[in-house]
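Let me begin by presenting the structure, written as C-alpha cells, before commenting on it.
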Amino acid sequence: MHVPVLLKEVIDLLDPKEGEFIIDGTAGAGGHSREILKKVGESGKVALVDWDKRNIENLKKEFSGANAIFFNANYAELPGLIKDGNLPKADGLLLDLGFSSDQLAGSGRGFSFNPPAGGEPLLMTYGDESETLEEFLRRATFSELADIISRYGEERYARRIAEAIFSKKSAIRNTEDLAAVIRTAVPKSYERGRLHPATRTFQALRIYLNKELDNLKSVLDSLEEIIKPGGRVAIISFHSLEDRIVKSAFNESAKKGRLKILTKKPITASLEEVRNNPRARSAKLRAAALI
Ligand SMILES: C[S@@+](CC[C@H](N)C(=O)[O-])C[C@H]1O[C@@H](n2cnc3c(N)ncnc32)[C@H](O)[C@@H]1O
C-alpha cells in the first residue's frame, strides 16, 4: 500500500481551496489527490493524471465523484491536454516524481531489483509506448550502457556493471537475472552493504527509458501554459538529478519575475515520517507561486 510522502507539507504549500481546479500530475495511488479532493470540495475539480494505465483504472474505481477527471498521460503533455480538453488553467499543480511502492511490489513492470521469485519482464516503463528495457538491451552498445548508468545512476562502478550486462546480454531474461549480473560486477563491500548493488543501475535505466528528466524539464518550461497567475506548483523529487533541475528552473523563473519561490530550502520529511515510511527519506519538496 503506497503511503503519500510529505502530505501535510504538500497541502500547506499547494493550498487547495473550495472551488479550485488542481492537477495531480502523478496521481499514483491517489494519496495526495484524496486530500486535495476534500479541500476543493464539490464545487472544485481535480485532474488525476498518471502515465501508468493500471493506476488510472484503480483511481477511477475509488474516485467516482463528479469533481474528479482522469487522464492516462505523461504530465509533459499537460499543455496539450488542457487545450484539447477545453480546461481552464489550474490553481495548482502537484508532481510527486518517480514510481510508487505499488509499482515496485509485483506490478509486473520490472521496476524492482527485489522482484518476486522468477523476476519480472524487462520493461521498466510506465507507458506502453516507450522503448522497453528488453528492446534497449538488445540494441545498446557498451559505451551507451556505461554512460547511462554513470549519468543517471551516478554509479561509480558504471563501466564494470556495463561490461557485465553487455557480455551476459543474451542470458538476461528478467529483472532477477539483471540484478544478479549487476551483483557479480561490484565489490562485495559495495556501499558497505547499505545499498543494494542494483539500486543505482535500476534507477538509471528507468530514468533513461522513461525520459524522466526530459519530462520534468518540459513541464517546468511550460508552467505558464498549465497554471494561472497566483496558482501554485509543488514538486517532490527523490534524487539529486531531479532536485537540481527543479531548483534551477525555479531560480531562473524567479529571476525573470515569473514566479515567487515558496520554499527557500527544500522541505524534507521529519524523522517520524521516515521511521513510518522509509521512502520519505530522500524526498525533497519545492514549491512556487506563479506571478
Ligand atoms: C511517487 S508516485 C505518486 C504517488 C501519489 N502521489 C500518491 O500519493 O499515491 C509517482 C507516479 O507518477 C507516475 N508517473 C511517473 N512519470 C510520469 C509522467 N511522466 N507522467 C505522468 N505520470 C507519471 C507513476 O506511474 C506513479 O504512479
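One line per residue, one yes/no per condition, for (1) in contact (Cβ under 8 Å) with a residue 60 or more places away in the chain; (2) closer than 14 Å to ASP96 by Cβ; (3) among the hydrophobic types (A, V, I, L, M, F, W, C):
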| residue | (1), (2), (3) |
| --- | --- |
| ILE235 | yes, yes, yes |
| ASP243 | no, yes, no |
| GLU252 | no, no, no |
| ARG258 | no, no, no |
| LYS264 | no, no, no |
| ALA269 | yes, yes, yes |
| GLU272 | no, no, no |
| PRO278 | no, no, no |
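Could you check ALA179 against (1) touching a strand residue (DSSP E or B) at 6+ places or on another chain (Cβ under 9 Å); (2) surrounded by fewer than 23 Cβ atoms within 10 Å (Cβ to Cβ); (3) among the hydrophobic types (A, V, I, L, M, F, W, C) and say which number it fails?
(1)
Determine, yes or no, whether SER130 is modelled with pLDDT of 95 or more, within 13 Å of the ligand (Cβ to nearest atom) and of a type outside the set (Val, Ile, Thr).
Criteria met by SER130.
Is one or more of the residues making up the range 82-93 within 12 Å of the ligand (Cβ to nearest atom), of a type outside the set (S, T, N, Q) and more than 21 Å from LYS217 (Cβ to Cβ)?
No, the conditions are met nowhere in the range 82-93.
Across the range 108-127, what is the total count of residues that are within 12 Å of the ligand (Cβ to nearest atom) and buried (at least 20 other Cβ atoms within 10 Å of the Cβ)?
5
Take LEU87 and tell me if it is surrounded by fewer than 20 Cβ atoms within 10 Å (Cβ to Cβ) and under 13 Å from the mean Cα position of the chain (by Cα).
Here the answer is no, as LEU87 does not meet what is asked.
So, GLU272, is that one over 18 Å from the mean Cα position of the chain (by Cα) and assigned by TED's automatic domain parsing to the domain that holds ILE82 or not?
Spelling it out, GLU272 is indeed over 18 Å from the mean Cα position of the chain (by Cα) and assigned by TED's automatic domain parsing to the domain that holds ILE82.
Consider LEU7 carefully, then state whether it is more than 9 Å from the ligand (Cβ to nearest atom) and at pLDDT 95 or above.
No.
The values are calculated or read from the model by the stated rules, or taken from the named source; none is laboratory data. The structure displayed is predicted, hence computed values, not measured ones. Because the Cβ atoms are built from the backbone with ideal geometry, glycine has one as well, and the counts that use them run over all protein chains shown.
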